[in-house]
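First up is the structure itself, then whatever we jot down about it.
The values are calculated or read from the model by the stated rules, or taken from the named source; none is laboratory data. Since this is a predicted model, take the numbers as computed values, not measurements. As a convention, Cβ positions derive from the backbone with ideal geometry for all residues, glycine included, and neighbour counts pool all protein chains shown. SASA here: full protein model, heavy atoms, side chains in, ligands and nucleic acids out. Shrake-Rupley method; radii C 1.70, N 1.55, O 1.52, S 1.80 Å.
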Amino acid sequence: MPIERSKTLVAIVGGLVATGLIGMLVFSLGGWAYHQRGRSLHDGRLRRAVALHPTADQITQALIAEGGTRVLSAPPSDAGWREFTARWPRAPLDDILAKQRKWAEVRVFAVQDVAYVLFFDAEGKLQDYALAQGPM
């Protein structure tokens with residue numbers, strides 16, 4: 001009888017451990033999918049905006065009108081952009097620096113846990129963007 005009891009105990013403990021591991025996997029995949037979907041939505045949104053080439057003022061007004069959007073000051077130098085990546089650790093720094101050199105104006109907005117780095121030409125029309133995601 002004691003052997004049967006220990007087998008039952010092992011089966012119960014094994015089942016609980018397996019259930020816990022499966023639960024951890026499900027929640028971790030769910031979190032990953034949530035962040036991927038958010039990035040996809042932000043990326044699609046900005047891609048569509050670039051296709052329309054709104055002016056800096058138009059897109060600023062549109063983003064501010066949504067609520068929850070904060071205007072951030074664009075760093076004036078490469079060192080400032082490095083500091084920016086300390087707050088937004090998943091920012092594509094090399095991409096941002098290359099685009100900053102290419103375009104006349106940069107504006108930065110914080111939308112939820114993502115920073116929109118928007119690049120405008122000399123006429124003030126939106127030409128490109130970079131997404132800088134915050135920490136997960």
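Summary of computed values
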read-out	value
Value at 222 nm in deg cm²/dmol, rounded to 500, when DSSP H runs of n ≥ 4 in the chain each add -39,500 (n - 2.57)	-21000 deg cm²/dmol
Portion, in percent, of the accessible area of the chain that falls on carbon or sulfur, probe 1.4 Å	62 percent
Angle in degrees between helix 2-52 and the longest Cα principal axis of the chain, rounded to the nearest 10	10 degrees
With Cα atoms, 0 to 90° folded angle of helix 78-87 axis to the chain main axis	30 degrees
Helix 93-102 vs. the chain, principal-axis angle (Cα, 0 to 90°, nearest 10)	10 degrees
Net charge dipole size for the chain [Lys, Arg +1 and Asp, Glu -1 on Cβ; Debye, nearest 20]	380 debye
Potential extension, L21-I3 segment - 0.36 nm per residue separation minus Cα distance	3.8 nm
Kirkwood-based Rg to Rh ratio, the chain, C-alpha trace	1.31
Pairs of Cα atoms farther than 16 Å apart, the range 79-136, %	38 percent
Phi-based couplings in Hz for the range 115-130 (Karplus 6.51, -1.76, 1.60; Gly and Pro marked x)	9, 8, 9, 10, 10, 10, 7, 5, 8, x, 9, 5, 10, 7, 7, 9
Stretchable slack from R47 to E123, in nm (0.36 nm times residue separation minus alpha-carbon distance)	25.4 nm
